[in-house]
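Q: Have a look at the structure that comes next, please.
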Amino acid sequence: MTLQRWIRDRAIHGYPTFSIEDVKDTGMYSSEQIMKNELNRLCSNKTIANVYRGFYVIIPVHYVLRGSVPATYYIDQLMDYLGKPYYVCMLSAAELLGVAHQRPQQFSVMTTYPRRQLVTTRNVTTDWFYRDAWPKDSLIIKNTETGTIHISNSLLTAADLVHYQQHVGGLSRVATILEELTEQIDIDSQFQVLTPYVKTVTWQRLGYILENVIEDKETADKLYEQLRASSARMVYKPLSTSAEDNSSERDSRWKLNINVKIEKDDI
């Protein structure tokens with residue numbers, strides 16, 4: 001059996017990915033270099049794509065012209081191969097929740113430390129983020145072409161967008177996404193399980209945006225009451241992490257120094 005035939009058989013039987021260890025286990029090659037040469041050849045003719053070191057995805061016919069497949073096609077299998085928990089986050093999660101008005105250029109994935117296990121220069125379309133504690137009760141499952149993937153729910157998505165504001169284009173872009181996302185946020189059911197995983201200052205910034213930029217006072221009030229009922233202690237912090245702190249203008253409710261002007265984009 002040739003490697004190309006083996007790959008085709010895997011695809012037919014519903015296995016869209018494989019690792020270099022899987023190929024070695026077939027016993028088809030006595031020389032590792034010959035095996036690697038053949039894998040490189042199949043990557044060149046767009047039969048497969050090397051999406052991570054030693055991990056390949058079989059390119060289905062409808063993606064051949066693109067020469068690549070979307071990360072949703074293989075991310076669940078890749079993270080299982082790496083033995084790491086994950087969830088699709090931020091702009092990528094917002095898109096999957098149906099609220100992102102522009103397709104993000106990077107596919108954002110949250111996983112756990114250590115960082116070195118996921119550093120790669122080959123998978124240039126994936127942006128990796130890391131956290132210590134894992135908010136499994138704030139994840140939802142979405143169907144894909146090849147199975148399912150884990151994504152952050154609406155409130156966790158909002159919190160991640162605010163926390164990583166510099167990575168997604170600043171608070172104006174965050175506010176633009178939140179304007180649509182807020183319709184899916186249910187503070188009463190989503191807040192409590194997230195309190196161990198989200199910093200108080202992130203809730204302060206989110207609350208300010210909800211109240212003063214998006215003008216969703218109902219959701220902002222619910223968030224404020226939940227914060228007051230929790231053990232969280234709000235202290236003055238800058239609204240934006242990408243601008244110099246300036247205490248000349250303050251929001252006394254959310255305990256924020258307003259150091260930037262947030263303007264939503266036109267959708």
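The values are calculated or read from the model by the stated rules, or taken from the named source; none is laboratory data. The structure displayed is predicted, hence computed values, not measured ones. FYI the Cβ positions are ideal-geometry reconstructions off the backbone, even for glycines, and counts take in every protein chain you see. Just the protein is used for accessible areas: all its heavy atoms, side chains included, with ligands, DNA and RNA removed. Shrake-Rupley method; radii C 1.70, N 1.55, O 1.52, S 1.80 Å.
Q: Can you compute the modelled spin-label distance between residue 243 and residue 141, with each label point 7 Å from Cα toward Cβ, in nm?
A: 4.3 nm
Q: Multiply the residue gap between residue 4 and residue 34 by 0.36 nm, knock off their C-alpha separation, and tell me the result in nm, one decimal place.
A: Fully extending the segment from residue 4 to residue 34 adds 9.4 nm.
Q: Related question: In the full protein assembly as shown, how much of residue 6 is accessible to a 1.4 Å probe, in Å² to the nearest 10?
A: About 30 Å², ignoring ligands and nucleic acids.
Q: Under a 1.4 angstrom probe, counting protein chains only, how are 233, 131, 5, 10 ranked by accessible area, largest first?
A: Ranked from most to least accessible, the order is 233, 5, 10, 131.
Q: Considering the chain as a Gaussian network with a 10 Å cut-off on Cα pairs, which listed residue, 178, 42, 256, attains the greatest mean-square fluctuation?
A: Highest fluctuation among the options: 42.
Q: Follow-up. Within the set of other residues whose C-beta is less than 15 Å from the C-beta of residue 63, count the net charge using Lys and Arg as +1 and Asp and Glu as -1.
A: Net of charged neighbours comes to +1.
Q: Within the P(r) computed for region 98-250, what percentage of the Cα pairs occupies the region above 18 Å?
A: Value for region 98-250: 62 percent of Cα pairs lie more than 18 Å apart.
Q: Could you sort 195, 2 by accessible area so the largest value comes first, with the probe set to 1.4 Å?
A: Reading off the accessible areas and sorting them downward yields 2, 195.
Q: Further question: Treat region 3-78 as a sphere of radius equal to its Kirkwood radius over Cα pairs and apply Stokes-Einstein at 4 °C in a medium of 1.567 mPa s; give the translational diffusion coefficient in µm²/s, rounded to a whole number.
A: Answer from the Stokes-Einstein relation: 103 µm²/s.
Q: Now a separate question. Could you give me the radius of gyration and the Dmax of region 6-143, taking only the C-alpha atoms into account and expressing both in angstrom?
A: 16.2, 51
Q: Of 24/46; 36/84; 84/261; 142/261, which ones are farther than 29 Å apart at the Cα?
A: Too far apart for the 29 Å limit: 84/261; 142/261.
Q: Same structure, new question: Taking the C-alpha atoms of region 227-267, how large are the radius of gyration and the largest Cα-Cα span, Dmax, in Å?
A: Using the Cα atoms of region 227-267, the pair Rg, Dmax is 12.5, 38 Å.
Q: Turning to a different aspect of this structure: Let me check something: with ligands and nucleic acids excluded, how do 62, 163 order by accessible area (1.4 Å probe), largest to smallest?
A: 62, 163
Q: Another question, then. Got a number for the accessible area of residue 112? Probe 1.4 Å, square angstrom, nearest 10.
A: 20 Å²
Q: Please quote Rg/Rh for the chain to two decimal places, taking the Kirkwood radius as Rh and restricting both calculations to Cα atoms.
A: 1.07
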